[in-house]
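To start, the structure under review is shown below, and the notes come after it.
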Amino acid sequence: MTEYAHGFLIREDDCTGCMACMRACPTDAIRVREGKARAINELCIDCGACLTMCAQGAILPTSRTLEEFADFAFKVAVPSPVLFGQFPLEVRPEHIVVGLLAVGFDAVWDFGVDLRLTTLAIADYVDKWSGPRPVISITCPVVVRLLQVSYPKLLEQLIRMKPPREIAGSEVKRHYSRELGLPEERIAAIYIAACQAKTVSIEQPAEGGRSALDGSVGIPQIYNSVLAAARDAAKNGESSGDLDPVRSVSMVSWSTPRPLADLPSRHRYMSVTGLPNVIRVLDDVEKGRLKNIDFLECSACWAGCGNGNLAVDNVYLSQAKLQTLARDLPDTDPRTEAEVARRYGHEDFSLERAPEPRTTVVVGDLRERVRRMQEAERILSVLPGLDCGLCGAPSCKVLAHDVTSGHASRDDCVFLSKRRVDELRRLYRRSK
Amino acid sequence: MPEELLSRSFTLHSHDFDKAGETSTEIKGMLKELGIDSQVIRRVVVVCFEAEMNVVMYADEGTLTFVLTDEDIGIEIADRGPGIADLDRALEEGWSTATDEMREMGFGFGMGLPNIRRNSDTFDLRSEVGVGTTVTSRIRLDGVD
């Protein structure tokens, strides 16, 4: 079975067993045992809800630092559009580029072109798609993982196309290899990520194989240094040569709740943000209710990628800044269109393989499984139904299942066992 | 003779658009937990949902009975309601007696019964005008579309 890599680390020494993460987890992937949170690998979809909830700071993103890419001859930053909304308004996108170069990148990639290419390719794909609708976006890695864990049948509706960051990664390698005469493996394509899930998707793509990117650096990792250098650049009127990374609205829209603002209007497009909403909508897709939608964009984060767990600024503030920035921008621009014309149709954006469902181990034959389910229902009927979590499972229902699968005991319930109460007193005693 | 492993019964309420779809969600959860093939689950979900919607839209009250055997899944939806006068027409794609209000809510495209039939391995529709309608669908566990 695949070992799933995840972007989080629970630091046991700092974990107080407060259960906040367990209660926040949308896939019931956390249990608290012996007063410490533990994650169940196969169920985790890297949404980062636990990390956001942990007041102790005991759950950390496993981020990489720029120094880890020191062995490469040339390091190229592929900045998430979210990055450009994270700075004070007077620090313009071209100053942020100066900041990125100052912290050690050798070049900053013009990612808006790849985003525009992605929109065009999606429009084409949807036109040609004859399978069930809606076609589902692959951009949010959490949603892809959610499909793998909870909606395996909907994976066939997932667009078989690389997400924009991967399209950029391949072109970064080709472009600089040609320009510098270096082999592609000496050039690092590094994504500047606004969420941990993108990092994980680069380390371990859901579809298997290898990412075109060499890794990612979270915005917080470089924020202070980029800010300092970008501020200086703004003050001195220094700019980044000829690169203005935010030239058209499409670059801005990708960090808003409606990323594909430039999708042709012949396509019925729906964008959903926030995991609970995404789950509701996917339930409807499964029932066949959304056949009239051509393309469905789902973002695990409320209000879209701008609210990623590695974004520094409050999402409303950063979106207001981006909107101010977008006010004077055209839908697209000649430079972007020229690049699009050069690349579109010559590059293969298709996914080599589709993400497969995550296999959960099925134990026993159907008769045995029915028996276990009925056993779980019997156990559930004697549990209090309060979902207090004191047993270490997020709900009575989950405890009932854990008991039938042999991972817990019904005596873990404080209503059924005095032993559990004593154990909790011992584990959670505040003063020694 | 297939052996019955599990049987459940759900009451469906008419005009309850708010809760419509809950039964199919519950059945889906159960089948997922039982490790049933996802292709089979999807077909069951579509059958249950469409049948549920038919009761919500047209009938006075209905019952959905779900039976799992070691070979297949049987779904029977029996309602008390107006019944269907012309069974053949009801099975034509796009034929519907839905009101404008129902269409505004995104239902009533005349795909309900055809969809149920398409997703079933065996399908049966019986109706008596003024009394009610019974839809029976069986979906094999090893079946493919």
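No value in this document is a laboratory result; all are computed from the given coordinates. Every value quoted in this text rests on a predicted model; they were computed, and no experiment measured them. Every residue, glycine as well, gets a Cβ built from its backbone with ideal geometry; the counts of neighbours run over all protein chains shown.
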Q) So which aspartates and glutamates can A:LYS128 reach, going by Cα to Cα under 19 Å and dropping same-chain residues fewer than 8 places off? A) A:GLU156, A:ASP262, A:ASP294, A:GLU297, A:GLU347, A:ASP348, A:GLU352
(Q) Among A:ILE379, A:VAL421, A:CYS391, whose Cα projects farthest towards the positive end of the dipole of the stretch A:377-432, with charges put on the beta-carbon of Lys, Arg (+1) and Asp, Glu (-1)? (A) A:VAL421
Q. Summing -39500 (n - 2.57) over the DSSP H runs of n ≥ 4 in the protein assembly as shown and dividing by its residue number, what mean residue ellipticity at 222 nm do you reach, to the nearest 500 deg cm²/dmol?
A. -11000 deg cm²/dmol
Q: Give a quick list of trypsin sites (Lys or Arg not before Pro) in the stretch A:200-264 that DSSP marks as loop, anything other than H, G, I, E or B, with at most 15 other Cβ atoms within 10 Å.
A: A:ARG210
Q: Would you work out the relative contact order for the stretch A:181-222, in percent, from Cα pairs under 8 angstrom that are 6 or more residues apart?
A: 46 percent
Q) Given the pairs A:LYS291/A:LYS397; A:LYS36/A:LYS287; A:LYS36/A:LYS153; A:LYS153/B:LYS19; A:LYS418/B:LYS28; A:LYS153/A:LYS198, which span a C-alpha to C-alpha distance of over 28 angstrom in this model? A) A:LYS291/A:LYS397; A:LYS36/A:LYS287; A:LYS36/A:LYS153; A:LYS418/B:LYS28
Q: Quote the relative contact order of the stretch A:95-248 in percent (integer), defining contacts as alpha-carbon pairs under 8 Å separated by 6+ residues.
A: 34 percent
Q: Multiply the residue separation of A:GLU185 and A:GLN374 by 0.36 nm, subtract the distance between their alpha-carbon atoms, and state the gained length in nm to one decimal.
A: 62.5 nm
(Q) How would B:MET57, A:MET373 line up from fewest to most surrounding beta-carbon atoms within 10 angstrom? (A) A:MET373, B:MET57
Q: May I ask for the angle, rounded to the nearest 10°, between helix A:219-236 and the longest principal axis of chain A, with both axes built from Cα atoms and the value confined to 0 to 90°?
A: 30 degrees
Q) Expressed as an acute angle from 0 to 90° and rounded to the nearest 10, what is the orientation of the C-alpha long axis of helix B:38-58 relative to the principal long axis of chain B? A) 30 degrees
Q: Choose one of A:SER318, A:GLY274, A:ILE222: the residue whose Cα lies farthest towards the positive end of the charge dipole of the protein assembly as shown (beta-carbon charges +1 Lys, Arg; -1 Asp, Glu; about the Cα centre).
A: A:ILE222
Q: Distance from a point 7 Å along Cα→Cβ of A:ASP71 to each backbone N in the stretch A:215-240: keep the residues under 18 Å and list them by number.
A: A:215-217
Q | Shielding score for A:286-294, defined as the mean number of other chain Cβ atoms within 10 Å | A | 5
Q) In Å, what is the Rg of the alpha-carbon atoms in the stretch A:377-432, and how long is Dmax? A) 11.5, 40
(Q) I'd like the mean, over residues of B:44-53, of how many other protein chain beta carbons sit within 10 Å of each residue's own Cβ. (A) 2
Q) Just for the protein assembly as shown, what percent of DSSP beta bridges are antiparallel, to the closest 5? A) 65 percent
Q) Which part of the stretch A:357-380 falls in the paramagnetic zone of B:GLU3, meaning amide N under 15 Å from the point 7 Å along Cα-to-beta-carbon? A) A:364-372
Q.
Once you place label points 7 Å from the Cα toward the Cβ at B:GLU92 and A:GLU238, how far apart are they in nm?
A. 7.6 nm
Q: Identify the trypsin sites (Lys or Arg not before Pro) of the stretch A:1-66 meeting these criteria: DSSP loop state and at most 16 other C-beta atoms within 10 Å of the C-beta.
A: A:ARG11
Q. Rounded, prolate or oblate: which fits the protein assembly as shown when a ≥ b ≥ c are the square roots of the eigenvalues of the alpha-carbon gyration tensor, with rounded for a/c under 1.5 and prolate only if a/b beats b/c?
A. oblate
**Q.** Relative contact order of chain A, pairs being alpha-carbon contacts under 8 Å that are 6 or more residues apart, as %
**A.** 20 percent
Q: Taking the Cα centre of the stretch A:66-343 as origin, work out the dipole magnitude from +1 charges on Lys and Arg Cβ and -1 charges on Asp and Glu Cβ, in debye rounded to 20.
A: 900 debye
Q: Would you please put A:158-170, A:282-294 in order of how densely packed they are, using the mean number of other Cβ atoms within 10 angstrom per residue and starting with the highest?
A: A:158-170, A:282-294
Q | DSSP-loop GluC sites (Glu not before Pro) across the stretch A:62-130, with at most 13 other Cβ within 10 angstrom | A | A:GLU90
**Q.** Lys, Arg +1 and Asp, Glu -1 on Cβ, resulting dipole of the stretch B:4-140 about Cα centre, debye, nearest 20
**A.** 300 debye
Q. Which peptide among A:48-57, A:393-402 comes first, and what is the full order, when sorted by highest mean count of other Cβ atoms within 10 Å?
A. A:393-402, A:48-57
Q.
Compute the helix-to-body angle for A:141-150: its Cα long axis versus the longest principal axis of chain A, expressed 0 to 90° and rounded to tens.
A. 30 degrees
Q) Charges only on Cβ, +1 for Lys and Arg, -1 for Asp and Glu: so what's the dipole of the stretch A:377-432 about the Cα centre, in debye to the nearest 20? A) 420 debye
